[in-house]
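So the structure is just underneath, and the comments pick up after that.
The values are calculated or read from the model by the stated rules, or taken from the named source; none is laboratory data. Since the model is a prediction, treat every value here as computed from it, not as a measurement. Please note: Cβ atoms are built from the backbone with ideal geometry, for glycine as well, and neighbour counts cover all protein chains shown.
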Amino acid sequence: MTDQNNLDKAIAYLGTALKDLANNTKPVFDFNDIVKSIPKRGLSGDHITGGTITAFSSLGIKDDATSTKLVIGNDGIKIDVLSVGTLQGNLNVSENVTAKNLTISGHLKAATIEVTEILSDTRIERSASLEFKKTETESLENKGLWWIGEGYAKQFVYKPYPDRFFSTEIIDIHKDKHYAINGVPVLTPNELGNSVTKSSLRELGRLKGLIVDGDVIIDQYIVYSSNSNRLGLGTEEPNAALSVMEDGVEVLLGTKDQTRGIVGTYASLPFDIVTDNTARITVQPNGDIILGNQNQFPSKVFVHGKLSIGAKNPDDRAALHVQGSIKFDDRLHQYGERFPSSGNYNKGDVVWNTEPRPGSYIGWVCISAGAPGIWLPFGDIKPTL
């Protein structure tokens, strides 16, 4: 049977079916039989014009759509939904691309990537700096690095007012590195830089060598004034180069009129030199000086040299030069041209003659206390024979 005969039979069969349909009788044809009757490749495109081809399929195409999903026009192909396994070759998208998930096994190159979140387990290599830009709706505040997922959020971010970087964690650098400002080291593991000239340190450990320029205040107790070059302990207004104030008594150590050194009290108060917490030398406010302590065993005073009392120009020939009367072993010794005619004297007091000559006496001695008492001469001065 030739293809033409098969086609003729199929047309006749179809005509009978259409006639039965027109007469409202039940069609008795089977469409599959008609299809089987049409030889494959029996119709060319020239035999089909317009209309809808239902259940269209081929070895490479299958159409299950119930509405238009693909439109081919002079300006391109429009597809409502596209599901593909693999796109080969270059893909050029002139408008936006929206994807729920995007997996790229090769290289991704983009002029600008704007994301809400990036999750990565691999190294990110950059050929340019990481930039955070201020926009009309976004400021730079809190922009930086965040580590989230373990405890609180760890941050290294920018903070304004004033401009600074804020870190929630300790910043630890290598032991051989240092902090620098404008290329100048300001802090190393063991020293401050030379450019650090001002500080408000509250506590220091052990110091080895300290140079301070200007005023110094330590615990509001030790005060040094660079203007007066004076150091005060317990006082902010020292009255000498070194002044120690305790219990209202100010002890001075310094100079007087640029000609002599001084040590003592500033106010009208006594000054003691002590050992064993006992006063050994006392200078009274009126100038009296007490050597030793009357409440202790008598002190020994050693003078390794010559001693002058009341003499402005002591005699170098004398180990002891006293200008005036002396009392020796509770006996008064003084000088005069004759024995006293007034005053109170005790037995044993001696007046030495200031005008000795032959026929006179070396001096006079009191033999009975009184005012002036009874005096007798002693030591005849006789001329040499």
Those residues of the stretch 61-93 that are touching a Leu at 6+ places or on another chain (Cβ under 8 Å) and surrounded by fewer than 10 Cβ atoms within 10 Å (Cβ to Cβ) come to a total of 1
With criteria (1) within 25 Å of S268 (Cα to Cα); (2) out of contact with any strand residue (DSSP E or B) (no Cβ under 8 Å at 6 or more places or on another chain), I289 comes up short on (2)
Would you tally the residues in the stretch 172-192 being touching a residue at least 12 places away in the same chain (Cβ under 8 Å) and either exposed (fewer than 10 other Cβ atoms within 10 Å of the Cβ) or among the basic types (K, R) (or both)? 1
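Pick from R317, R338, R280: which is without any contact (Cβ under 8 Å) to a residue 40 or more places away in the chain, of a type in the set (D, E, K, R) and closer than 30 Å to L253 by Cα? Break it down stepwise before answering.
Working: R317 fails: closer than 30 Å to L253 by Cα; R338 fails: closer than 30 Å to L253 by Cα.
None of the others qualify; the one that does is R280.
For every residue, the table says whether it meets (1) more than 30 Å from F271 (Cα to Cα); (2) at pLDDT 95 or above; (3) within 60 Å of the chain's Cα centre (by Cα).
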position	(1), (2), (3)
H304	no, no, yes
A311	no, no, no
D330	no, no, no
W352	yes, yes, no
I362	yes, yes, no
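Results for (1) part of a loop (DSSP other than H, G, I, E, B); (2) of a type outside the set (D, E); (3) in contact (Cβ under 8 Å) with a residue 60 or more places away in the chain, shown as yes or no for each residue.
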site	(1), (2), (3)
I211	yes, yes, no
G214	yes, yes, no
E236	yes, no, no
A240	yes, yes, no
V244	no, yes, no
E250	no, no, no
L253	no, yes, no
Q258	yes, yes, no
I262	no, yes, no
Filter the stretch 147-194 for residues that are under 15 Å from the mean Cα position of the chain (by Cα) and hydroxyl-bearing (S, T, Y); the one that is nearest to I217 (Cα to Cα) is T188
Answer with yes or no whether K100 is over 30 Å from S67 (Cβ atoms) and basic (K, R). no
Taking the stretch 356-368 as the search range and keeping residues that are part of a loop (DSSP other than H, G, I, E, B) and touching a strand residue (DSSP E or B) at 6+ places or on another chain (Cβ under 9 Å), which one is farthest from I381 (Cα to Cα)? P356
Answer residue from the stretch 77-121, given it is of a type outside the set (K, R) and not in a loop (DSSP other than H, G, I, E, B) and is farthest from K159 (Cα to Cα) among those: I77
Condition first: more than 23 Å from W364 (Cβ to Cβ), touching a His at 6+ places or on another chain (Cβ under 6 Å) and not in a loop (DSSP other than H, G, I, E, B). Now tell me which residues in the stretch 300-343 satisfy that. S308
Criterion: of a type in the set (D, E, K, R), surrounded by 10 or more Cβ atoms within 10 Å (Cβ to Cβ) and more than 30 Å from T98 (Cβ to Cβ) - qualifying residue of E141, E169: E141
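Condition test on D172, is it over 30 Å from Y266 (Cβ atoms) and in a loop (DSSP other than H, G, I, E, B)?
Numbers: over 30 Å from Y266 (Cβ atoms): yes; in a loop (DSSP other than H, G, I, E, B): yes.
Spelling it out, D172 is indeed over 30 Å from Y266 (Cβ atoms) and in a loop (DSSP other than H, G, I, E, B).
Of the residues S195, S200, which single one is at pLDDT below 95, part of a loop (DSSP other than H, G, I, E, B) and exposed (fewer than 10 other Cβ atoms within 10 Å of the Cβ)? Before you say what the answer is, go through the steps one by one.
Numbers: S195 fails: exposed (fewer than 10 other Cβ atoms within 10 Å of the Cβ).
The conditions single out S200.
State whether the residues of the stretch 122-129 include one that is over 36 Å from the mean Cα position of the chain (by Cα) and in a loop (DSSP other than H, G, I, E, B). Talk me through it step by step, then tell me what you get.
Initially, the stretch 122-129 is screened for residues over 36 Å from the mean Cα position of the chain (by Cα), giving 122.
When the remaining residues are screened for being in a loop (DSSP other than H, G, I, E, B), the result is 122.
Scanning the stretch 122-129 turns up at least one residue that is over 36 Å from the mean Cα position of the chain (by Cα) and in a loop (DSSP other than H, G, I, E, B).
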